[in-house]
Every structure is written in structure tokens, then in C-alpha cells.
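The values are calculated or read from the model by the stated rules, or taken from the named source; none is laboratory data. Treat the numbers as computed from the prediction; the structure is a model and nothing was measured. Note: ideal-geometry Cβ built from the backbone for every residue, glycine included; neighbour counts use all protein chains shown. Ligands, DNA and RNA are stripped out before the accessible areas are found, and what is left, the full protein with its side chains, is counted by its heavy atoms. Shrake-Rupley method; radii C 1.70, N 1.55, O 1.52, S 1.80 Å.
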Amino acid sequence: MNSSLRDEYLEAMGIRQWLLRDKGRPDNDAAASASQSGDDSPWLALQDLVSGCTRCALHATRTQTVFGTGNRSADWLVIGEAPGADEDRQGEPFVGRAGQLLTEMRRAAGLERDAVYITNILKCRPPNNRDPQPDEVASCHDYLERQIELIEPRLILAVGRIAAHNLLQTDTPVGRLRGRVHHYGASGIPLVVTYHPAYLLRSPLEKRKSWDDLQLAMQVINR
Ligand code: URA
């Protein structure tokens, strides 16, 4: 493992000090949204279905659905839990504080925005940020499954307990799911588990481990 890169990552994650990433390593964020390619129609059909969804009670309390964002042909598919208040308001996943940390993690690991697509297990916000309930996860399952089919990612990064447990159908703690490569469902897509950035904000010392998780994920991609 390259130790200076690791140091840079830890600095960027606030373990030592914050760095202005953009100066050293161009991110191409602005260019990323231009890189969509292929036939839009299955995506538009799916987006339509999701935005009008009334399958579970969450439709009554949402401001809007939060479908997903990023490169639809990305190698990495990042899957979080569910929209929070900021995401519900803005209609995009991971735009709040946890999302900012996720962006820092991605940049510090040298991953361009173009390399990832980001979505959640649930497309609607659970009130008061409570955990998603099984019927809500079941209602949303087809949508996520279709996103995975369309993207055909080379790697799924399951971010946090709710994503890991639902994608792997287990209740093993995240700390024990990390550090090895799992495989998702029938498609067998390699899946790596890491801590949720909201947890990392509360437990900053665990940020070091997220570096190892991203390195493991990189190894899978570079195989
Ligand atoms: N937490 C998540 O898991 N997803 C989001 O989109 C925002 C916060």
C-alpha cells in the first residue's frame, strides 16, 4: 500500500488536517455529468416509476423521491441507506454532512466522480431518520435491482449497516463484514462493506478503517 497516499487520505478525512484536495488532484466533477451514454429510455421509465411510487407509506411524508446520481455506466455503485432531510429537500442522495464526507472519501482515494453512481436502499426519506422498515425495503427492492441491472457495476460499495444487511441478507455487524469481498445476489457482483459516513462523523477514529475498505475495493476493480 502506498503510505503517502494513505497519509493524504487520512489528512483529507480530517484525521490530521484538512487539505484542499482540488489543488493537488483535479476531480473533474464538472465534467462528470457529461459522461452519460447509451439509451436513456429504460432509465427514464424507471425514474418515472420511482417518482410516482406509492407502494409504501413513505410516499405520504416525502417531499420527493431520491432516485440516484452519477455515471450510469460507472464501475462503482455506492449504496447507502435512505435519504435524510437534506436529500429529501434537494432530491439527490448524500448531499448533507454525511454526503460531504463521502465526497471527501472518494476524492481523497483518488476516485473521480465519473467513476461512481450513488443511490440508496430506500428512495424515500423515513420520518425522523428512523431505520427503514422491512416492508419499505421490500417495496423499494425492485427499483434498486433494476438500477443494478442497468449500471452493471464492477463493484458495489455497501455504505453502512442498513445497506450491508439488506444487500447481503445478514445481520452480522459491519465491523465483521468489512475486510473481505462478498458477492451480491444472483449476479455475484463483488461487494465491499464500509462504515456509513454519518457513523464516521460520530466516530472519527474509525475513518482510518474506511481507507482500508476503499483500498480493498480498488483492488477488486484493478484485478
Ligand atoms: N445517508 C444515506 O444513507 N443516504 C443518503 O442519501 C444520505 C444520508
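Observations on the structure shown:
- Those residues of region 177-208 which are open to solvent by 70 Å² or more (accessible area, probe 1.4 Å) and more than 14 Å from the ligand (Cβ to nearest atom), in sequence order: 180, 183, 186, 187, 205, 208
- Residue match in region 115-136 (condition: among the acidic types (Asp, Glu), more than 16 Å from the chain's Cα centre (by Cα) and more than 12 Å from the ligand (Cβ to nearest atom)): yes
- Scan region 141-171 for residues that are within 13 Å of the chain's Cα centre (by Cα) and part of a loop (DSSP other than H, G, I, E, B) and the total you get is 2.
- Residue match in region 131-140 (condition: at negative phi and in contact with a Phe, Trp or Tyr (Cβ under 9 Å, 6 or more places away or on another chain)): no
- Taking region 141-172 as the range and being polar (S, T, N, Q) and either in contact with an Asp or Glu (Cβ under 7 Å, 6 or more places away or on another chain) or open to solvent by less than 10 Å² (accessible area, probe 1.4 Å) (or both) as the test, only 147 passes.
- Residues being in contact (Cβ under 8 Å) with a residue 60 or more places away in the chain and either open to solvent by 40 Å² or more (accessible area, probe 1.4 Å) or away from the ligand (no atom under 16 Å from the Cβ) (or both) - total across region 209-223: 7
- Residue in region 93-100 that is open to solvent by 10 Å² or more (accessible area, probe 1.4 Å) and either over 16 Å from residue 197 (Cα atoms) or among the acidic types (Asp, Glu) (or both) present: no
- The lone exception for residue 186 - which of (1) farther than 30 Å from residue 40 by Cα; (2) in a loop (DSSP other than H, G, I, E, B) it fails: (1)
- Condition met for residue 138 (open to solvent by less than 40 Å² (accessible area, probe 1.4 Å), among the aliphatic types (A, V, I, L, M) and assigned to a helix (DSSP H, G or I)): no
- Cross-chain or 6+ apart pairs with Cβ under 7 Å, region 145-173 first and on the phi > 0 side of the Ramachandran plot and within 13 Å of the ligand (Cβ to nearest atom), then open to solvent by 10 Å² or more (accessible area, probe 1.4 Å) and among the charged types (D, E, K, R): 160/81
- The set of residues from region 78-91 being within 8 Å of the ligand (Cβ to nearest atom) and either open to solvent by 10 Å² or more (accessible area, probe 1.4 Å) or in a helix (DSSP H, G or I) (or both) comprises 81, 82, 84, 86, 87.
- Selection from region 92-117 of residues that are under 21 Å from residue 166 (Cα atoms) and either at pLDDT below 95 or in a strand (DSSP E or B) (or both): 116, 117
- Residue within region 200-210 that is part of a helix (DSSP H, G or I) and touching a Lys or Arg at 6+ places or on another chain (Cβ under 6 Å) present: yes
- Residues of region 34-74 satisfying the condition of being farther than 29 Å from residue 128 by Cβ, surrounded by 13 or more Cβ atoms within 10 Å (Cβ to Cβ) and modelled with pLDDT of 95 or more: 42, 43, 71, 72, 73, 74
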